[in-house]
1. Do we have any residue at all in segment 112-125 that's part of a loop (DSSP other than H, G, I, E, B) and either open to solvent by 30 Å² or more (accessible area, probe 1.4 Å) or modelled with pLDDT under 90 (or both)?
2. Residues in segment 44-65 that are over 21 Å from Gly20 (Cα atoms) and either open to solvent by 30 Å² or more (accessible area, probe 1.4 Å) or within 18 Å of the chain's Cα centre (by Cα) (or both): how many?
3. Residue pairs, Cβ under 8 Å, 6 or more apart or interchain, first in segment 139-159 and closer than 22 Å to Ile53 by Cβ and of a type in the set (Ser, Thr, Tyr), second in a helix (DSSP H, G or I) and open to solvent by less than 90 Å² (accessible area, probe 1.4 Å). List them.
4. Is it the case that segment 113-130 has a residue that's of a type in the set (A, V, I, L, M) and more than 18 Å from the chain's Cα centre (by Cα)?
5. For segment 73-88, state whether one or more residues are out of contact with any Asp or Glu (no Cβ under 9 Å at 6 or more places or on another chain), charged (D, E, K, R), open to solvent by 60 Å² or more (accessible area, probe 1.4 Å) and assigned to a helix (DSSP H, G or I).
6. If I filter segment 1-42 down to residues being open to solvent by less than 50 Å² (accessible area, probe 1.4 Å) and of a type outside the set (A, V, I, L, M, F, W, C), which single residue comes out as farthest from the chain's Cα centre (by Cα)?
7. In segment 144-169, what residues are in a loop (DSSP other than H, G, I, E, B) and open to solvent by 30 Å² or more (accessible area, probe 1.4 Å)?
8. Taking only segment 91-109 into account, find how many residues are out of contact with any His (no Cβ under 8 Å at 6 or more places or on another chain) and either in a loop (DSSP other than H, G, I, E, B) or open to solvent by less than 40 Å² (accessible area, probe 1.4 Å) (or both).
Amino acid sequence: MIVTLIVACEVGFWLLLAAGLSLRYLARMPRAGIAVLLLEPVLELVLLIATAIDLKNGASADWKHGLAAVYIGFSAGLGHSTIQWADQRFAHRFAGGPPPVKPPKYGMARTVHEWRTAGKWVLSAVVAIGLLQAAAWYVGDGGDTSSLRMWQTRMLWVIGINVVIALSYTIWPKEPKKEPKQDAGAEPVEHHETTRS
């Protein structure tokens, strides 16, 4: 049941996103579109309640409950930015909006971007770890919580990888490639265009 709900929530997320953006830009009903988009957190709430009920009814906490916690955590940390990403592209494609904002490529701006991205992933992982810990406490010492601990370890890896990536841009900031300098005495090379008959 839990796995089915996770799949249903993921499908529902994208369906609600498409419906909300379509109402907002294609049907010119911005309020209705926002109302539909605000239903997104309801999916996570339904999954959280279903997971708690499943555990309450005596189900052993296993990878499925851990996956539910991870899904909720990632929705909390990355859901808003995903909606914003889709909104920019939908507005540009169907409503004449400005082109999507591209992330900076170089220097301090790129470093800041990488830390912001890492922050979203870290938030997702921390929320997941917290929910996993709550599930472990709920099961108690008498139950098997090894699968929950496994997911917590994976979330720590997610945090570590994202921090290392952001830190690498801090220590070695990405700089634009320098064009080779032309010698002062060298004559410019003339390019002769050939035509095909």
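The values are calculated or read from the model by the stated rules, or taken from the named source; none is laboratory data. This structure is a prediction, so every number in the text was calculated from the model and none was measured. Backbone-built Cβ (ideal geometry, glycine too); neighbour counts: all protein chains shown. Ligands, DNA and RNA are stripped out before the accessible areas are found, and what is left, the full protein with its side chains, is counted by its heavy atoms. Shrake-Rupley method; radii C 1.70, N 1.55, O 1.52, S 1.80 Å.
1. No, segment 112-125 contains no residue that is part of a loop (DSSP other than H, G, I, E, B) and either open to solvent by 30 Å² or more (accessible area, probe 1.4 Å) or modelled with pLDDT under 90 (or both).
2. Qualifying residue count, segment 44-65: 13.
3. Within 8 Å, the pairs are Thr145/Ala135; Thr145/Ala136; Thr145/Val139; Ser147/His65; Ser147/Gly66.
4. No: segment 113-130 contains no residue that is of a type in the set (A, V, I, L, M) and more than 18 Å from the chain's Cα centre (by Cα).
5. No, that holds for no residue.
6. My answer is Tyr25.
7. Selection gives Asp144 alone.
8. Final tally of qualifying residues: 9.
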